[in-house]
Amino acid sequence: MRTAIVLLLLLAPAAIPGSLVPQRSSDPNGVIQVRSDNPELVWLYDVLSLHGVYTSPWFSAIYILLFTSLVGCVIPRLVHHSKAMLAAPPKTPARLSRLVGFQTAPGTVDDLDRAERMLRRLGYRTARYGQSVSAERGYLRETGNLLFHTSLLAMILVVGIGSGFGYEGQRLLVEGRGFANTLSSYDTFSAGQWFDDGSLEPFAVRLDDLEVEYETENRHAVGAPLDFTARVAVSEPSGERPAQIKVNEPLSVAGADLYLISNGYAPRISVRDPDGNVVYDEYTPFLAQDDLMTSLGVMKLPDGLEQQLGLRGFFYPTAVELSSGALASGYTDVLNPVLSLQAFTGDLGLDAGIPRSVYSLATDEMTPIAGGDSAAESLILVPGQSLELPGGLGTIAFEDVLRYGVIEVHVDHTQTAVLWITIALILSLLASLLIPRRRMWVKATDAGLELAGLARGEDPMLERAVDALAVRLRDRAAATYPPGERITT
């Protein structure tokens, strides 16, 4: 038991890194950003599996040891408790006067049957030993304790095994775009070790509109988002239906739960070569960097121009100019959208065989041609505006902007089992804390009936229970024996 307690205490701080460091399963964009901002710590993240804490070897070792410890704790106690449940209450002590709540009541040996019936109605198991009744109750306290620990074991087994058949996938959707429930459609996908891609249910989701409600009345919080609503169209074999996804209100589709976990802006940017041919025309997601939705985005154009072109910049949904001349976002909604871009030419590194993040641009081997250390100013665009790219590469235009939402598809086959196990945990814990384990004895002597009790652990109600039984026996004796009649054993 001490080992289990130590492991439980160890499990709590072991889970802290999973809350502080972005996890691949829940925040893939955050993982990319953290690794990009801290390249000198990437080795540490990988060695300690900090981006997958809950599936890391060291975290798994803790809960496997905890499971083993709980098994070694519960099985011997189950054997002992089953024997105790079948055993008779203990014999009556020789001197009840030394026990809790000792007192006497009128009565004889003949009244022991009545006392035994009273105790049984109160939930006691009873046994007769000579001229005494031994009673015991509260076995459900230990039953609850054992059920609690058994439920913990069941929880570990269900989560550990059941999660191996589930999966999580994320897909970034610009308004008007959709995806199908196939592996190739997801931006990121993680699954349990027993997952079979043949188990993916056939459905598709299209994001029709992402509506954000902002605070407008409280002047101290103007612009703060109050609510997010993703209006989607769900296509299933039975047909298409409209639905919505809100924060903390997932949509259930074919056994999967769909969550709205992030949102942002996707400016539509087009690039044309000197002859006017379109080489790039996409809604490009920009990742929010602050609460006012100042967003960072990257575009990579390996083909279509005389040189490979990389663009990196900021999108300001409501641009304001600071006293320094720099731009910033003054509001979260799109009121005065402005796009500020730096341009680089050179090798994008896409042919090196090394995975590259679509949200970062490696410029070490590239030449700046606009903004940054270049001689030219950054490219500043508003919707509908077009500018010439330096060096006669072509033109770039800011067409318009839409919102995007990140939809997470989560399948967990353990939810129902976890619910019932949680209920069992709560009820068994209440039983182990609230049900008193106590013994009571009624013994016939020459002076009448002696009563006393004994508790296993704290039981502040024991004396009151003995008093209540004594009062009932006295009332019964008063009704049975006429006043002044001597009661003898």
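The values are calculated or read from the model by the stated rules, or taken from the named source; none is laboratory data. This one's a predicted model, so the numbers in the text were calculated from it and none came from an experiment. Heads up, the Cβs are rebuilt from the backbone with ideal geometry, glycines too, and the neighbour counts pull from every protein chain shown. SASA here: full protein model, heavy atoms, side chains in, ligands and nucleic acids out. Shrake-Rupley method; radii C 1.70, N 1.55, O 1.52, S 1.80 Å.
Scanning region 123-151 for residues that are in contact (Cβ under 8 Å) with a residue 60 or more places away in the chain and among the aliphatic types (A, V, I, L, M), which turns out most open to solvent (accessible area, probe 1.4 Å)? Filtering first and then ranking leaves L140.
Just one of (1) under 30 Å from Y129 (Cβ atoms); (2) touching a residue at least 12 places away in the same chain (Cβ under 8 Å); (3) outside any loop (DSSP other than H, G, I, E, B); (4) open to solvent by 30 Å² or more (accessible area, probe 1.4 Å) fails for G457. It is (3). Residues in region 153-196 that are under 30 Å from L427 (Cβ atoms), part of a helix (DSSP H, G or I) and touching a helix residue (DSSP H, G or I) at 6+ places or on another chain (Cβ under 6 Å): L153, A154, M155, I156, V158. Using the structure shown, decide if R206 is of a type in the set (D, E, K, R) and either in contact with a His (Cβ under 6 Å, 6 or more places away or on another chain) or under 19 Å from P242 (Cβ atoms) (or both). Criteria met by R206. Here E365 clears all of (1) farther than 30 Å from L157 by Cβ; (2) open to solvent by less than 30 Å² (accessible area, probe 1.4 Å); (3) among the charged types (D, E, K, R) except the condition numbered (2). Scanning region 341-364 for residues that are over 38 Å from the mean Cα position of the chain (by Cα) and at pLDDT 85 or above turns up L341, Q342, A343, F344, T345, G346, D347, L348, T363.
Just one of the listed residues (L226, L200) is at pLDDT below 95 and either surrounded by 15 or more Cβ atoms within 10 Å (Cβ to Cβ) or farther than 28 Å from A266 by Cα (or both), namely L200.
From the residues in region 303-327 that are of a type in the set (D, E) and more than 16 Å from E388 (Cα to Cα), which one is most open to solvent (accessible area, probe 1.4 Å)? Among those residues, the one meeting the criterion is E321.
Quick check: is even one residue across region 283-298 of a type outside the set (F, W, Y), in a strand (DSSP E or B) and surrounded by fewer than 14 Cβ atoms within 10 Å (Cβ to Cβ)? So far as region 283-298 goes, no, none of its residues is of a type outside the set (F, W, Y), in a strand (DSSP E or B) and surrounded by fewer than 14 Cβ atoms within 10 Å (Cβ to Cβ).
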